[in-house]
Amino acid sequence: MTDQAPTLTADSPAKINLTLRVTGRRPDGFHELESLVTQINLCDIVSVTPGADDRITLTCDAPGIPSDATNLAVRAAEALRAATGARAGAHIALRKRIPAGAGLGGGSSNAATTLRLLNELWKTGLSPAALSEVAAQVGSDVPLFLHGPQVVMRGRGERVEELAHHIALWAALLLPELHCATPAVYAAWDRLATHPPRPALADVLAGAGSAARLMDLLFNDLEEAALAVEPKLADLTRHVQDVTGSTVRLTGSGAALFRLFDDAQAAARFALRVGMETAVRTDIVALRTR
Ligand code: C5P
C-alpha cells in the first residue's frame, strides 16, 4: 500500500487598495508607494501536491490564465527553490474566482499562498521574514498577502505593517471588462506628474468607523493615470457618479472600482443599481478582518 500524496489547500484572497499614494520614482524605474490595503472575502483556492519529478506544473480552471513560468505562482515556486536549494517538484492547481488584471491582486495572492503552502510541503522552513523577502522578488504586491488581512504597504511593496484596528465594512465591486496594463498606468503617472495634497494616513484611519466618511478620505494616485490610459473607465466612473450621486474609487492600477458601505444590504442596493444602469458586472464583498 502506498501513502496518498498529501495535497495542501488554502484560500487565496483578493485585495483592494483603500488608499494609494505614489511618493516618488526610484532609480530602478519602480515607484515608492504608501498604500492602505485590505484583503476581501473574494478568494481563489490554491492546492499544491508533490510532483512526480522535479518539474513545477500548474493547472487552472479558468481560461486565459498562463500555466508557464509567466504565472506568478510558478515564479513563486521557482523563487522558493532558488532561495532554499530545494529540488522537489510540485503541481499547483488554481481555482479562480478573482478576475485577472483588475487590480485585485489575484496573481500576487496566488503567488503568496503558493509560497506558504510549498514552504510547508517541501519542509523548507523559511521564517516569515525570509519568505517575505522571496515574495518581494516575485512581485511588488506579493508580500502583503503573507500578512494581513489589513496592512499599510510601503516602499515598492516590501515593507508591510499590519493595522492594529481593523476596518469592518463592506464593498460593492464594479468589474468592467477593461484592462489597464500596470506599467502603462505608472508611465502615465510619470507623464502627468501631479502631486495633489492627500490626507495623512492617521486621518484616514480616524475616519474608518463610517463608510461614507471614509469614502471622502480615500484616494488613489494612480486613478487619474488609469483613466487617461483607458478612457472607457473615465466614462464609467462619470456615469456611475451621475446615476447614483456617489463616487467610486479604483483599486491598484485598475480596472476594478469599489465603494464602501456599512452593511451588506446597502452594498447590494448600490451594486444592483449600478449593474442595471451600466451593465457592468458587480459583486459584494466584506473587508477581511481576520
Ligand atoms: O512588481 P510588479 O510585477 O507587480 O510590477 C509591474 C510593473 O508595475 C512594473 O514593471 C512597474 O512598471 C510598475 N510598478 C512600479 N512601482 C511599483 C510597482 C509596480 O513602477 N511599486
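None of the figures in this text is laboratory data; all of them are computed from the coordinates on show. Since this is a predicted model, take the numbers as computed values, not measurements. Note that we place each Cβ from the backbone using ideal geometry, even for glycine, and neighbour counts take in every protein chain shown.
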Exercise. Work out from phi, with θ = phi - 60° and the Karplus expression 6.51 cos²θ - 1.76 cosθ + 1.60, the ³J(HN,Hα) of each residue of region 109-126, listed in order in whole Hz, and give x for Gly and Pro.
Key: 5, 4, 5, 5, 5, 4, 4, 4, 5, 6, 4, 7, 4, 8, 6, 7, x, 5
Quiz item: Can you list the HN-Hα couplings for region 278-290, worked out from phi with the Karplus curve (6.51, -1.76, 1.60; θ = phi - 60°), rounded to whole Hz and with x for Gly and Pro?
Solution: 10, 6, 7, 5, 10, 8, 10, 9, 8, 5, 6, 10, 7
Quiz item: Assigning unit charges at the beta carbon (Lys, Arg +1; Asp, Glu -1) and nothing else, what dipole magnitude in debye, to the nearest 20, does the chain show about its Cα centre?
Solution: 100
Quiz item: Hey, how much of the P(r) for the chain falls beyond 29 Å, as a percent of Cα pairs?
Solution: 34
Quiz prompt | Euclidean distance of C-alpha centroids, region 207-274 and region 6-53, integer Å | solution = 21
Quiz item: Can you give the percent of C-alpha pairs in region 1-119 whose distance is more than 21 Å?
Solution: 45
Exercise. Along Cα→Cβ, 7 Å out, is where each label goes; now give me the distance between the ones at T23 and H179 in nm to one decimal.
Key: 3.3
Quiz item: Can you give me the Cα centroid spacing of region 144-186 and region 67-98 in angstrom?
Solution: 22
Practice problem: Would you mind computing the Rg to Rh ratio of region 51-163 from its alpha-carbon coordinates, Kirkwood style for Rh? | Solution: 0.95
Quiz item: Where the only charges are on Cβ atoms (+1 Lys, Arg; -1 Asp, Glu), what is the dipole of region 174-290 about its Cα centre, to the nearest 20 debye?
Solution: 240
Self-check item: Descending Cα extents along the principal axes, region 114-208, whole Å
Solution: 47, 33, 27
Self-check item: Sparse-neighbourhood loop sites, trypsin sites (Lys or Arg not before Pro) in region 57-155 - DSSP loop, at most 13 other Cβ within 10 angstrom
Solution: R87, K123
Quiz item: Which of S47, S108 comes first, and how do the rest follow, when ranked by fewest Cβ neighbours within 10 Å?
Solution: S47, S108
Quiz item: Classify region 176-287: rounded, prolate or oblate, from the alpha-carbon gyration tensor (a ≥ b ≥ c, eigenvalue square roots; a/c under 1.5 rounded; otherwise prolate if a/b is larger than b/c)?
Solution: oblate
Self-check item: Dipole magnitude of region 126-195 about its Cα centre (Cβ charges: Lys, Arg +1; Asp, Glu -1), debye to nearest 20
Solution: 140
